[in-house]
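Following: one structure in structure tokens, then a few remarks.
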Amino acid sequence: DGGITQSPKYLFRKEGQNVTLSCEQNLNHDAMYWYRQDPGQGLRLIYYSQIVNDFQKGDIAEGYSVSREKKESFPLTVTSAQKNPTAFYLCASSIIGGNTEAFFGQGTRLTVV
Amino acid sequence: DAKTTQPPSMDCAEGRAANLPCNHSTISGNEYVYWYRQIHSQGPQYIIHGLKNNETNEMASLIITEDRKSSTLILPHATLRDTAVYYCIVRVAGLNAGGTSYGKLTFGQGTILTVHP
């Protein structure tokens with residue numbers, strides 16, 4: 001089935017460690033996005049990419065890094081520089097240049113202890 | 001991207017229509033109105049979108065005012081499973097002249113819809 005997959009669903013890390021969240025899509029979408037969601041809040045954009053080897057900072061990029069080496073994959077690294085990394089992270093993808101919808105993964109809940 | 005304003009919460013009786021309003025008074029001509037919903041601890045689910053005409057699909061109807069400054073999402077027969085946070089978003093379709101905000105979705109706080117028996 002076509003879709004967007006995030007793994008793992010739950011992730012625990014010790015403070016000070018970098019951690020990488022996976023996002024893969026087989027929808028042949030050019031654009032991919034990473035969002036962060038805190039309890040009771042809406043989604044905030046971290047990074048987005050519309051083509052391989054290119055990405056742009058969103059509204060809250062500090063403490064995060066991404067790569068886009070393949071069209072299908074857009075991993076997010078939460079670095080030790082991110083002061084409050086515990087959150088729900090959502091990945092999405094969409095076509096560029098049309099008015100179609102974005103598809104979301106089921107999210108990764110990261111807890112840093 | 002234009003900002004949207006939604007009521008923080010709404011209630012609806014099961015089987016009745018749920019009408020969720022959204023204000024987007026600064027919407028520009030190339031921005032579409034999108035609606036998503038999010039059930040707790042899941043990824044947002046696309047519902048419907050439109051530019052200026054009213055739209056209907058199997059999930060909902062979208063009514064956009066003639067001046068495009070507001071819209072209403074209608075769930076015609078709400079069920080308990082429709083309890084969720086509903087997000088109204090305006091989104092540029094395609095490339096901006098500056099190429100800096102093409103297609104990205106900017107979420108607000110949304111409306112918590114509670115459907116009760």
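The values are calculated or read from the model by the stated rules, or taken from the named source; none is laboratory data. The structure presented is a predicted model; accordingly, all values stated were derived computationally and were not measured. Reconstructed Cβ throughout: ideal geometry from the backbone, glycine too, with neighbour counts over all protein chains shown.
What strands (runs of 3 or more DSSP E), lying completely within the stretch B:7-117, carry at least 3 residues that are within 14 Å of chain A (Cβ to nearest Cβ) and in contact (Cβ under 8 Å) with a residue 12 or more places away in the chain? Please lay out each step first, then the result.
Numbers: elements: B:9-13, B:18-23, B:31-38, B:45-50, B:61-64, B:70-75, B:84-92, B:111-116.
Once the strands (runs of 3 or more DSSP E) in the stretch B:7-117 are filtered for at least 3 residues that are within 14 Å of chain A (Cβ to nearest Cβ) and in contact (Cβ under 8 Å) with a residue 12 or more places away in the chain, what remains is B:31-38, B:45-50, B:84-92.
Which of the following residues is without any contact (Cβ under 8 Å) to a residue 60 or more places away in the chain and either over 23 Å from B:Trp35 (Cβ atoms) or among the aromatic types (Phe, Trp, Tyr) (or both): A:Tyr48, A:Tyr33? I'd like the intermediate steps shown before the answer.
Numbers: A:Tyr33 fails: without any contact (Cβ under 8 Å) to a residue 60 or more places away in the chain.
Exactly one of A:Tyr48, A:Tyr33 is without any contact (Cβ under 8 Å) to a residue 60 or more places away in the chain and either over 23 Å from B:Trp35 (Cβ atoms) or among the aromatic types (Phe, Trp, Tyr) (or both), namely A:Tyr48.
Here B:Gly43 qualifies as modelled with pLDDT under 95 and small (Gly, Ala, Ser).
In summary, strands (runs of 3 or more DSSP E) completely within the stretch A:59-113 and bearing 2 or more residues that are more than 14 Å from chain B (Cβ to nearest Cβ) occur at A:64-66, A:76-78.
Let me confirm something: among B:Thr106, B:Thr100, B:Thr114, which residue is of a type outside the set (A, V, I, L, M), touching an Asp or Glu at 6+ places or on another chain (Cβ under 6 Å) and at pLDDT below 90? I'd like the intermediate steps shown before the answer.
Values: B:Thr100 fails: touching an Asp or Glu at 6+ places or on another chain (Cβ under 6 Å); B:Thr114 fails: at pLDDT below 90.
Unique residue meeting the criteria: B:Thr106.
Does A:Gln17 count as polar (S, T, N, Q), farther than 26 Å from B:Val33 by Cα, free of Cβ contacts under 8 Å to residues at least 24 places away in the same chain and in a loop (DSSP other than H, G, I, E, B)? Criteria not met by A:Gln17.
In this structure, A:Gln56 does not qualify as crowded, with 16+ Cβ neighbours inside 10 Å and assigned to a loop (DSSP other than H, G, I, E, B). Please enumerate the residues belonging to the stretch A:62-94 that are within 21 Å of A:His29 (Cβ to Cβ) and among the aliphatic types (A, V, I, L, M). Within the stretch A:62-94, A:Val66, A:Leu76, A:Leu90, A:Ala92 qualify.
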